[in-house]
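The values are calculated or read from the model by the stated rules, or taken from the named source; none is laboratory data. Note that the structure is predicted; figures quoted are calculated from it, not measured. Here Cβ is always computed from backbone atoms with ideal geometry, including for glycine, and neighbour counts include all displayed protein chains. Keep in mind that these areas ignore ligands, DNA and RNA; they rest on the heavy atoms of the full protein, side chains included. Shrake-Rupley method; radii C 1.70, N 1.55, O 1.52, S 1.80 Å.
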Amino acid sequence: MKRIITFIVTILVLSGVMAVSSPGLLDKVRLGLDLKGGFEILYEAQPIEAGQKVTTESLNQTAKSLEKRANVLGTSEPEVTTEGANRIRLKIAGVTDEAEVRKKMKEPANLTFRSANGCKDATDFCKIELLGSDFKENGAEVRYNTLNQPEISITVKDKAKFAEVTKRLIGKELGIYLDETQLSAPVVNSELTDGNASITGNYTMEEANTIRDTINLGALPLKLTEKYSQSVGATLGKQSLDKTIQAGLIASAFILIFMIGMYRLPGILASFALILHTWLLILVFVAADFTLTLPGIAAFILGIGMAVDANIITNERIREEMRNGRSVMSAVKLGNKSSFRTILDSNITTIIVAGVMFAYGTGAVKGFALVLIVEIVLSIATNVYFSHFLLTLLVKAGLLKKPKQFGVKESEIRAL
């Protein structure tokens, strides 16, 4: 009785958790360009002024700037990555006005220091006093002041110009803008003649680092040239997703019917393990913030196929032991034991191959390999250990005690 209760509680609890959480999890799965629509651009970065070089720091800062711009434009979860010494790859999904986004992405960061002199409103900051090019390259730094608060120090190229501006604006705010976004509006306390200034405020270290990076980016804007681009229409992406879901549901239905028809009650347990395996994979996708793409779905389907194989191997070994005249309990033990090594060997070799693909592949290949590795680990946990746990509970509880419950006919059983 205790085993039956354990079995029922396990099934009910897991079924309830999956039924309640699945809609929310599916909504949170992040879709890639090929499923949602959008575009991908590979930029080649070059310095604007002759004689300068593209450094790793300037390349990373440019990538951060692109991501900020994409976020400001309201695009969903942009992916910006640097490649090699001078390339940046940008992926944006769910874009409706691609031309406007592409134009905005390509513009160099426009850093300006503005005052309200001559403006209709004192908060307008309409007059540009200094440009990003007036500051020394990588001249912004974060340090702690005497109150142990982070502040940003900056250094200008023309000390006389800076002195004139600060003298004129003593007691007034000097707004710092990246494009049209105000980063800060510190008050000028005195004339600064040494070309150095500090931006103070109630900043956290993270905020101070962000302002520093932005100022340095403005002082070293990189020229971006498109080397490659790929667009996927929202309609095409939705069609791909709809067809993929439709194909997946039809294939899943055939698999479950086959497993139940072939292996009876053990087939139902295997089907439940497959559903749990799929739910866990979606949970991992959401928890790890993976992006689901068509290659990822291909790995997903391949992993499901391997999980079905694991169940078939296990059940066939159990049936073979029964045909050899073993008791149900003995056949389940021996079948699970002999199938485990076969399943494990197969999965380990696949993990090795996927590991090599992940280590040396790029982009979609890495995604495919990563999903496949996660699939295999989850498959071993659910379709080997969890299936075995459920099957053993029923056998020991006496609910599975006849070979025909496994799809084995009495006429097929040989005498020992």
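Details
- Each residue was assigned an accessible area with a 1.4 Å probe, and for Arg143 the value is about 120 Å².
- Between the residues Val365, Pro78, Ile413, the greatest Cα displacement towards the positive end of the dipole of the chain, with unit charges on the Cβ of Lys, Arg, Asp and Glu, is found for Ile413.
- Fraction of accessible area attributable to carbon and sulfur, the chain (%, probe 1.4 Å): 59
- Within straight-line reach of Lys36, meaning a Cα separation under 19 Å, sit the following lysines at least 8 residues removed in sequence or on another chain: Lys28, Lys91, Lys238, Lys243.
- Membrane-span-like helices in the chain, defined purely by DSSP H runs whose alpha carbon atoms cover 27 Å or more axially and whose average Kyte-Doolittle hydropathy reaches 0.0, are 2-28, 234-287, 294-323, 328-360.
- Entry comment: accessible area of the chain is 52 Å² per residue, from protein heavy atoms only and a probe of 1.4 Å.
- With DNA, RNA and ligands ignored, accessible area of Arg87 (1.4 Å probe; Å², nearest 10): 90
- Which of Ile352, Ile255 is most accessible, then next, and so on - probe 1.4 Å: Ile352, Ile255
- Accessible area (Å², 1.4 Å probe, nearest 10) - Leu344: 50
- Cα-based reach from Lys172 at 15 Å (exclusive), listing aspartates and glutamates while leaving out same-chain residues under 8 positions away: Asp121, Asp124, Glu129, Glu164, Glu191
- Which of Pro23, Leu256, Val165, positive extreme of dipole for the chain (C-beta unit charges): Leu256
- The magnitude of the dipole of the chain, with charges of +1 and -1 set on the Cβ of Lys/Arg and Asp/Glu and taken from the Cα centre, is near 2220 debye.
- Greater than 21 Å apart at Cα, pairs in Lys68/Lys127; Lys103/Lys136; Lys127/Lys161: Lys68/Lys127; Lys103/Lys136
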